[in-house]
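Have a look at the structure below, then the notes.
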């Protein structure tokens with residue numbers, strides 16, 4: 001996984017615990033009552049909220065159901081996951097109209113571009129961005 005994505009994931013992991021505790025309190029539940037509803041041990045739930053461990057996919061699903069929220073809301077909250085740039089966002093959204101082969105090409109191109117970017121950043125280190133024409 002590229003370094004930026006790894007850092008982003010760990011940032012989400014920290015926010016996840018806070019978001020879980022906030023959603024639990026908003027639902028008027030104690031750690032004990034949520035743990036019982038979700039079928040997880042209360043000690044484990046405490047670890048999730050403290051951010052010291054992350055739930056399995058199964059536990060995440062049970063927590064979302066117990067809190068009556070989507071897993072997306074539990075993991076990502078209200079964070080925008082689409083590009084802020086309107087033209088880029090529209091281009092990504094338009095890929096739903098492509099056939100499977102075309103979508104595979106888009107994924108491959110994007111993956112290659114991101115891998116190239118990460119490799120260049122690793123080789124260059126922290127440098128100023130290159131200006132066009134120089």
| message | Residue pairs, Cβ under 8 Å, 6 or more apart or interchain, first in the range 23-35 and over 19 Å from residue 61 (Cβ atoms), second surrounded by fewer than 18 Cβ atoms within 10 Å (Cβ to Cβ). List them. | response | 32/42
| said: Looking for something surrounded by 10 or more Cβ atoms within 10 Å (Cβ to Cβ), in the same structural domain as residue 16 (by TED's automatic domain parsing), more than 15 Å from residue 17 (Cα to Cα) and more than 19 Å from the chain's Cα centre (by Cα) - is there at least one such residue anywhere in the range 56-67? | reply: yes
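The values are calculated or read from the model by the stated rules, or taken from the named source; none is laboratory data. Everything numeric in this text was worked out from a predicted model, so none of it was measured. Cβ: placed from backbone, ideal geometry, glycine included. Neighbour counts: every protein chain shown.
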